[in-house]
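As structure tokens, the structure follows; a few thoughts come after it.
Values quoted throughout were computed directly from the atomic coordinates according to the rules given, and no laboratory measurement underlies them. None of these values were measured; they are calculated from a predicted model. Cβ coordinates were reconstructed from backbone atoms using ideal geometry, including for glycine residues, and neighbour counts include every protein chain displayed.
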């Protein structure tokens with residue numbers, strides 16, 4: 001339903017699965033509410049107990065820069081002695097070392113904003129708070145192939161993105177992604193992609209509609225890719241994204257709870273399993289065959305009550 005102001009307060013839980021997939025393996029009642037406001041399935045402490053690493057300048061790289069801080073190893077908490085804009089100049093910040101807390105709230109006024117680049121978290125046990133990311137077009141031509149997310153997780157595990165702002169991306173503003181079919185079984189697929197991810201209290205806004213994405217129109221809020229699992233969207237503001245607030249793809253396990261979705265275009269939230277992308281996957285074929293067997297069982301008892309245990313009476 002759309003209100004006259006085209007706003008929707010969405011309070012829902014989505015287990016988005018192929019029709020033939022297994023039952024979800026984590027129950028909502030198992031979510032932790034300790035520590036950060038709502039952790040969801042993520043229970044990470046980030047870099048707690050580790051070194052304090054100070055960002056002392058706004059350079060894109062080099063000594064004292066943010067890029068240098070996140071590239072270090074071991075448990076660490078990154079704090080900021082400067083505030084302002086960090087121009088990534090078309091580069092990507094890829095977090096690959098685990099046990100990290102990025103404490104943007106420590107920056108002096110006006111806080112920390114990253115422009116003309118994108119973020120990726122490709123490791124485990126990471127907390128990111130109070131930063132803003134604005135990829136923008138970076139002076140590139142329309143449909144030239146600059147497809148930048150604000151922030152995406154790539155095969156990451158146990159990650160919390162909280163109280164951040166993502167806008168003006170040319171792909172999705174905020175996403176959970178990774179390999180979709182790595183391994184021989186569904187459980188292996190789910191273990192190889194993003195899992196235990198919490199997106200809470202973020203602003204996800206104004207994806208660029210007619211920009212540098214090669215497809216043309218691409219104002220998108222968030223994407224949860226195939227088989228990503230235990231992903232929570234809680235208390236976020238989605239504003240002025242044409243669609244994908246979020247888009248949830250095949251096999252994903254996702255909860256979308258108490259988000260405000262405002263001024264969307266074609267669709268607010270939707271699910272899409274693209275059949276040809278799943279075709280030829282042995283595990284998918286096994287689930288499909290099992291689904292056909294269950295369908296035959298239901299048709300057999302159409303018009304009547306099928307017993308849960310047909311070998312018992314009553």
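Under Stokes-Einstein, with the Kirkwood radius over Cα pairs as Rh, the value for segment 33-99 at 37 °C and 0.692 mPa s is 246 µm²/s.
Put a dot 7 Å past the Cα of residue 277, heading toward its Cβ, do the same for residue 217, and the two dots end up 1.9 nm apart. Simple spin-label estimate for residue 237 and residue 82 gives 2.9 nm between the two label positions (7 Å along the Cα-to-Cβ direction from each Cα).
Once the Kirkwood radius over Cα pairs is known for segment 147-232, the Stokes-Einstein relation at 37 °C and 0.692 mPa s delivers a diffusion coefficient of 248 µm²/s. For segment 210-242, the residues whose amide N sits under 17 Å from a probe point set 7 Å from the Cα of residue 143 along the beta carbon direction are 210-219.
Rounded, prolate or oblate: which fits segment 188-267 when a ≥ b ≥ c are the square roots of the eigenvalues of the alpha-carbon gyration tensor, with rounded for a/c under 1.5 and prolate only if a/b beats b/c?
In terms of gyration-tensor shape, oblate.
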